[in-house]
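For reference, the structure discussed in these notes is given below.
The values are calculated or read from the model by the stated rules, or taken from the named source; none is laboratory data. All values reported here derive from a predicted model rather than from experimental measurement. When we count neighbours, we look across all protein chains shown, and the Cβ atoms used for this are built from the backbone with ideal geometry, even at glycine. Remember, those area values only see protein heavy atoms, side chains included, never the ligands or the DNA or RNA. Shrake-Rupley method; radii C 1.70, N 1.55, O 1.52, S 1.80 Å.
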Amino acid sequence: MTANPVHTYLVTNPSTLFDPKRVIEFESSAPIGSVREVEIDGRPVRILLTGIPLNGGLRGAELQVTYL
């Protein structure tokens with residue numbers, strides 16, 4: 001079984017939880033459509049890997065916000 005390639009993702013909606021100018025990039029080898037939990041500025045957040053192609057070889061990702 002071959003490993004998934006590592007891609008660099010850019011969060012396209014950072015203003016949901018962070019400053020709108022905040023650039024959030026991270027790497028992941030998880031398949032597109034996966035939801036990953038990552039720590040940003042000391043906060044655990046859930047991010048959906050959308051895989052939408054962006055400039056510079058980046059792929060899109062979106063913060064997932066759940067209100068309880």
Within the accessible area of the stretch 26-65 (1.4 Å probe), percent carbon and sulfur: 45
Estimated vicinal HN-Hα couplings, Hz - the stretch 15-23 in sequence order (Karplus 6.51, -1.76, 1.60; Gly, Pro = x): 5, 4, 10, 10, 4, x, 8, 5, 9
Spin-label zone in the stretch 5-22 - amide nitrogen under 12 Å from a point set 7 Å from the Cα of residue 39 along the C-beta vector: none
Förster radius 22 Å - calculated FRET efficiency between residue 23 and residue 64, Cβ distance, rounded to 0.05: 0.75
Solvent-accessible heavy-atom area per residue, rounded to whole Å², over the chain at 1.4 Å: 69
Long-range HN-HN contacts of residue 40 with modeled amide H, under 5 Å: 45
Chymotrypsin sites (Phe, Trp or Tyr not before Pro) within the chain: DSSP coil, no more than 11 neighbouring Cβ in 10 Å: 67
